[in-house]
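See below for the structure under consideration.
The values are calculated or read from the model by the stated rules, or taken from the named source; none is laboratory data. These numbers come from a predicted model, not from an experiment. In this analysis, Cβ positions are derived from the backbone assuming ideal geometry, glycine residues included, and neighbour counts consider all displayed protein chains. Ligands, DNA and RNA are excluded from the accessible area calculation, which covers all protein heavy atoms including side chains. Shrake-Rupley method; radii C 1.70, N 1.55, O 1.52, S 1.80 Å.
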Amino acid sequence: AQSVAQPEDQVNVAEGNPLTVKCTYSVSGNPYLFWYVQYPNRGLQFLLKYITGDNLVKGSYGFEAEFNKSQTSFHLKKPSALVSDSALYFCASAGGYNKLIFGAGTRLAVHP
Amino acid sequence: SAVISQKPSRDICQRGTSLTIQCQVDSQVTMMFWYRQQPGQSLTLIATANQGSEATYESGFVIDKFPISRPNLTFSTLTVSNMSPEDSSIYLCSVLAGPLYEQFFGPGTRLTVL
């Protein structure tokens, strides 16, 4: 069965420091992986996706993610965190019929 | 991309009543999805709604409880029937509107059942 795991409930980072939000996946076949962000009282916003090609994927708001097949990981990264990056982040994989399977979510808190 | 609106944005309902949530998209899309996000939880897919066919429900969700309409390529409704406090959640619609599996989400409907 397809699944996505986000091992950290919360990640705390100081503003200006690099951030990493972890995601591991378990899928059969080629993985189609996504990151979404949810700000308070708002819907999900698409950040980036990996379908095929370069393992380093660049997305919105300066975020990037690295696909690592051997470690079955797709960690979200940003070189320099902003307070405004504080939000709930979801990793997801796309299975059959375009259904998205979401991880549990990681709350990112960036402190001034 | 696609711009998606949902009505209502939030509601407080009494146990045993029903609420219909509307989802409007600014472009024609084939696939629409309805998700539930329970308090402090991740998103769970309720059903897939394609125009011109019956909605396909995920395990644990049934048509009698969550009837869905998809009358055209830009609109869908989800009804939460005979509500109980356990139905208190955020309900989100999404559409497949980008190249290769890219889904866009509406702002969500925050439902509280008393």
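Table for the structure above
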item	result
Index of the failed condition, A:Y61 passing every other in (1) over 24 Å from B:L45 (Cβ atoms); (2) among the aromatic types (F, W, Y); (3) at pLDDT 95 or above	(3)
Flag if B:V95 is open to solvent by 40 Å² or more (accessible area, probe 1.4 Å) and either modelled with pLDDT of 95 or more or not in a loop (DSSP other than H, G, I, E, B) (or both)	no
Selection count, the range A:78-112, where residues are more than 9 Å from chain B (Cβ to nearest Cβ), among the hydroxyl-bearing types (S, T, Y) and over 20 Å from B:G40 (Cβ atoms)	3
B:A49 touching a residue at least 24 places away in the same chain (Cβ under 8 Å), farther than 18 Å from B:L111 by Cα, over 13 Å from the mean Cα position of the chain (by Cα) and surrounded by 18 or more Cβ atoms within 10 Å (Cβ to Cβ)	no
Some residue of the range A:39-60 being without any contact (Cβ under 8 Å) to a residue 12 or more places away in the chain, away from every other protein chain (no Cβ under 14 Å) and of a type in the set (A, V, I, L, M)	yes
Meets criteria (surrounded by fewer than 20 Cβ atoms within 10 Å (Cβ to Cβ) and at pLDDT 95 or above) for B:T79	yes
Selected residue (criterion: nearest to A:Q71 (Cα to Cα)) from residues of the range A:1-37 that are in a strand (DSSP E or B) and of a type in the set (F, W, Y)	A:Y25
Residue check for B:D11: open to solvent by 50 Å² or more (accessible area, probe 1.4 Å) and at pLDDT 95 or above	yes
Test: residue in the range A:61-72 that is within 11 Å of A:C91 (Cα to Cα) and either surrounded by fewer than 20 Cβ atoms within 10 Å (Cβ to Cβ) or away from every other protein chain (no Cβ under 12 Å) (or both)	yes
Odd one out for B:I90 among (1) open to solvent by 20 Å² or more (accessible area, probe 1.4 Å); (2) part of a strand (DSSP E or B); (3) among the β-branched types (V, I, T); (4) more than 10 Å from every other protein chain (Cβ to nearest Cβ)	(4)
So A:P40, is it in a loop (DSSP other than H, G, I, E, B) and either farther than 16 Å from A:I101 by Cα or open to solvent by 50 Å² or more (accessible area, probe 1.4 Å) (or both)	yes
Among the candidates A:L47, A:L76, A:L19, residue that is touching a helix residue (DSSP H, G or I) at 6+ places or on another chain (Cβ under 6 Å), among the aliphatic types (A, V, I, L, M) and open to solvent by less than 50 Å² (accessible area, probe 1.4 Å)	A:L47
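Yes/no matrix, rows are residues, columns are (1) in contact (Cβ under 8 Å) with a residue 24 or more places away in the chain; (2) within 13 Å of another protein chain (Cβ to nearest Cβ); (3) not in a strand (DSSP E or B):
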position	(1), (2), (3)
B:I12	yes, no, no
B:C23	yes, yes, no
B:S27	yes, no, yes
B:W34	yes, yes, no
B:G40	no, yes, yes
B:T44	no, yes, no
B:V62	no, no, yes
B:S76	yes, no, no
B:N82	yes, no, yes
